[in-house]
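Visitor: Below you will find the structure I want to go over with you.
The values are calculated or read from the model by the stated rules, or taken from the named source; none is laboratory data. Computed from a prediction, not measured in an experiment: that's the story for all the values here. No Cβ is skipped: glycine too gets one built from the backbone with ideal geometry, and neighbour counts run over all protein chains shown. Surface areas here come from the heavy atoms of the whole protein model, side chains and all, with no ligands, DNA or RNA. Shrake-Rupley method; radii C 1.70, N 1.55, O 1.52, S 1.80 Å.
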Amino acid sequence: MTKDSTAGLRNLERSCKVPRAARDWFRVARDADGLLRVEADLVRFRYAPHRHDTYAIGITIDGVQSFNYRRERRDCLPGDVIVLHPDEAHDGQAGTERGFRYRMLYLCPREIQEALGARASALPFLRNGHGQDRRLRSAVLDAIEDLERPIGELERAGLVGSIADALLALDPTAMRPQSAQMRVRSHAVRCARDLLDAQGAVSAAELEQETGLDRYELARHFRRMLGTSPYRYHQMRRLERARKALVQGAGIAAVALDHGFADQSHFTRQFKAAYGLPPGEWVRMRVA
């Protein structure tokens, strides 16, 4: 680890105002849509296998953070950078009895895609799930060093741009300029995404009519640009809205009903598949 990185990690450790405690906990910064910052301190708790449609990029602060990713166990030490690609299954647990603490930034792929623009034809993909890249560590530290401070619009653009550039440098295969045909398809994907964001339910036929692509071609390019399928993207937006309702104090059964899930059991299964724990446990572990 470089001298600058060590200093940055020390600053991050000092900014962790919530002391380590006997119970497992996490806290969530109050940020805008498309950017979520989380700190967690875990000893006994284990995340079940799950996958979300965002990049998860963070730093292990203390202890050993272990997880299975792409059929291999990964062990992250303090200062290691975690990079989980959208829609890649993973779990998480303490690598030792001491437990571990980490901070994570969950970043929507559209932010990375828009920051890279025509320089990339696909989302950058890092196969190992973690590493010690100095440039990426610096960019992530800027975003997660102070969770109490909200990130403004101008700062957000700079942070996302720095993270996007660092990811692209680590995956040269994504560094292919878009052809004219690819730009047309990219526009179609953005149209589909906007429609899914705006409406509660959208049929495949509606997406075909809106984008000019058949449903199979749209699904392929949607995944290339945003890391997931149109269906899964729609499901995750619904879960995000449900999670926000839980934060506001709504009961689990009411949230399930209000957000279009068949029942509380259906909501619980979907929530656990996306976040690695059931909604009741998510509410109990969350601290202000």
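Visitor: If you take the C-alpha gyration tensor of the chain, multiply each eigenvalue by 5 and take the square root, what semi-axes do you get, largest first, in whole Å?
Guide: Square roots of five times the eigenvalues give 30, 25, 16 Å.
Visitor: Cα centroid distance between the stretch 247-272 and the stretch 63-129, in Å?
Guide: 27 Å
Visitor: With each pseudo-label sitting 7 Å past Cα toward Cβ, what's the R71-S203 distance in nm, one decimal?
Guide: 4.0 nm
Visitor: Counting pairs of alpha carbon atoms under 8 Å apart in space and at least six apart in sequence, what relative contact order in percent does the stretch 167-288 give?
Guide: The normalised contact order for the stretch 167-288 reaches 15 percent.
Visitor: Could you give the nm distance between label points at R134 and A250, where each point is 7 Å from its Cα heading toward the beta carbon?
Guide: 4.8 nm
Visitor: Right, another one. What is the dipole size for the chain, taken about its Cα centre, with +1 at each Lys and Arg Cβ and -1 at each Asp and Glu Cβ, in debye to the nearest 20?
Guide: I would put it at about 540 debye.
Visitor: Quote the convex hull volume per residue of the stretch 24-136, based on C-alpha atoms, as a whole number of Å³.
Guide: Roughly 102 Å³ of hull volume per residue.
Visitor: So how strong a dipole does the stretch 75-142 carry about its Cα centre when Lys and Arg Cβ are +1 and Asp and Glu Cβ are -1, to the nearest 20 debye?
Guide: 260 debye
Visitor: Taking 7 Å along the Cα-to-C-beta vector as the label spot, tell me the T173-A157 distance in nanometres, rounded to one decimal.
Guide: 3.3 nm
Visitor: For the chain, what does the accessible surface come to per residue with a 1.4 Å probe? Please give it in Å².
Guide: 48 Å²
Visitor: Using the Kirkwood radius over Cα pairs, work out the Stokes-Einstein diffusion coefficient for the stretch 168-278 at 20 °C and 1.002 mPa s, in µm²/s as a whole number.
Guide: Result for D is 136 µm²/s.
Visitor: Hey, another quick one. May I ask you to give the percent of accessible area on the chain that is carbon plus sulfur, with a probe radius of 1.4 Å?
Guide: With neighbouring chains kept in place, the figure for the chain is 50 percent.
Visitor: Moving to a separate point now. Any chance you could run the full-extension gain for A89 through R23? It's 0.36 nm times the residue separation minus the Cα-Cα distance, nm to one decimal.
Guide: Result for the pair: 21.2 nm of gain on full extension.
Visitor: Kirkwood hydrodynamic radius, computed over distinct alpha-carbon pairs, for the stretch 70-155: how many Å, to one decimal?
Guide: 15.0 Å
Visitor: While we're looking at this one, here's another question. Can you figure out the FRET efficiency of E114 with E145, using R₀ = 30 Å and their beta-carbon distance, to the nearest 0.05?
Guide: 0.80
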